[in-house]
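The values are calculated or read from the model by the stated rules, or taken from the named source; none is laboratory data. As the structure is a computational prediction, the values presented were derived from the model and not from experiment. As a convention, Cβ positions derive from the backbone with ideal geometry for all residues, glycine included, and neighbour counts pool all protein chains shown. Heads up: the accessible areas ignore ligands, DNA and RNA and are worked out on the full protein's heavy atoms, side chains in. Shrake-Rupley method; radii C 1.70, N 1.55, O 1.52, S 1.80 Å.
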Amino acid sequence: MSGGLRVLLVGGPMYDPLYARIGEFEERAGVPVERVFSRDHPDLNARIEREFGSGEASYDLISTHTKYAPGQRRWLTPLDGDLGRKELAPFMGQTLELARIDGALYSLPRNLDVKLLHYRTDLLDRPPATWEELLEEAARLRSGEGLYGFVFPGKESGLFGHFFELHAMYGGRMFGEEGPPVPRIRDEAARRALGLLVGLYRRAAPEETPDWHYDEVAACFREGRAAMSTDWPGGFHLYEGEESRVRGRYGLALYPEGPAGRYVYAGCHSFAIPRTVRDREAAVELLRFLVSRESQAHEARFGTLPAREDALAEARAEAPPGSLAARRWELLDEARKAALIPPKHERYPAVEEAIWRGIREALLGRRSVEEALALTGEAARRAAEGGG
């Protein structure tokens, strides 16, 4: 076995509980693991690009995501020769398919991320059924005393994700199935989606929204300063923790529907072995450990929707009947059927960035909805075609 492994991991409250188990691997395998953390996924992506692009990287295993891995493929190694069919059998087929690039398995999924609506049961009798209803309820509930009607990320993938979902729910299809990911956002669906986001920001959300990522949004809701929000499964333990001011006063629901149904932006966080690996045997063992039934069941106890069916079954069995936890697993099972998956393409991350930056201009009031969509569509087209 190796003299040691060096790993680059995404950090944050949704991911950190798993890493407490690495000590068990070190003791069992006799392999020390040096852990290098990025504060969040945008920071992780930038670090991978910088360190691997410059040749400075020296990692044996890294965190990645199925929507970003195609753009990182030149630095990753396929895993098909390391893992047998029996080992992969417990994983949801949907998650393994997301982890494949041109048929080859480049990472192993740790979860399936799909969001649910969070709403205050002491402020709302029931969750809103449509996005228009959500906007009106959110505007009604916003007060001058520090309560916001709806909070959402105003930058990066969080903002893009809400726009992507709403565009689909209003009947749009942003990306084609083949070729570069040139988005179609000069349509009525895009105008309605962006118009709704602008309305939510102006009528229901904090002024700081354009500077907020996922963690700030979740903290606002947990602190009792918001009536509604959306969040990923991995943060559930924080809503139920002793420091949460909404524990016992909030409920969970599926997204409201749009005219074209319900769609939920989705993907998988995963682990990959890069080309810089020094001891592949040890790195593969760590990979197996991090996505084992035990590890994924451990993460599921904190809220994560595991990529493995056996770990999911174990987590569901532990939830008391009739509890919010049990109801949450039912909702997540429904939500994953509505998963909206972005295209697998090496230039997709650049397209996503062009879109969120462009539509954010409308939130900030610098562009009208129509202007923002026109400029954003052109910038995203150039990004998709490799023009920068």
Output the residue which, of all residues in segment 341-388 that are under 27 Å from ARG203 (Cβ atoms) and not in a helix (DSSP H, G or I), is most open to solvent (accessible area, probe 1.4 Å).
ARG366
For ALA338, the lone unmet condition from (1) small (Gly, Ala, Ser); (2) touching a residue at least 60 places away in the same chain (Cβ under 8 Å); (3) crowded, with 20+ Cβ neighbours inside 10 Å is (3)
Does VAL198 satisfy the condition of being closer than 23 Å to PRO17 by Cα, surrounded by 16 or more Cβ atoms within 10 Å (Cβ to Cβ), modelled with pLDDT of 95 or more and among the β-branched types (Val, Ile, Thr)?
no
Across (1) of a type outside the set (Gly, Ala, Ser); (2) open to solvent by less than 50 Å² (accessible area, probe 1.4 Å); (3) over 28 Å from ARG100 (Cα atoms), ASP333 clears everything bar (3)
Only one of GLU334, GLU309, GLU318, GLU314 is at pLDDT 95 or above and either in contact with a Ser or Thr (Cβ under 8 Å, 6 or more places away or on another chain) or closer than 30 Å to TRP75 by Cα (or both); which?
GLU309
Just give me the residues in segment 70-117 being open to solvent by 30 Å² or more (accessible area, probe 1.4 Å), of a type in the set (Asp, Glu) and over 26 Å from ASP279 (Cβ atoms), in sequence order.
GLU97, ASP102
Going through PRO70, PRO109, PRO90, PRO128 one at a time, which residue ends up being within 22 Å of GLU165 (Cβ to Cβ) and more than 18 Å from the chain's Cα centre (by Cα)?
PRO128
If we scan segment 274-284, do we find a residue that is among the hydrophobic types (A, V, I, L, M, F, W, C) and under 19 Å from the mean Cα position of the chain (by Cα)?
no
Suppose the filter is assigned to a helix (DSSP H, G or I), modelled with pLDDT of 95 or more and open to solvent by 50 Å² or more (accessible area, probe 1.4 Å); does ARG50 pass it?
yes
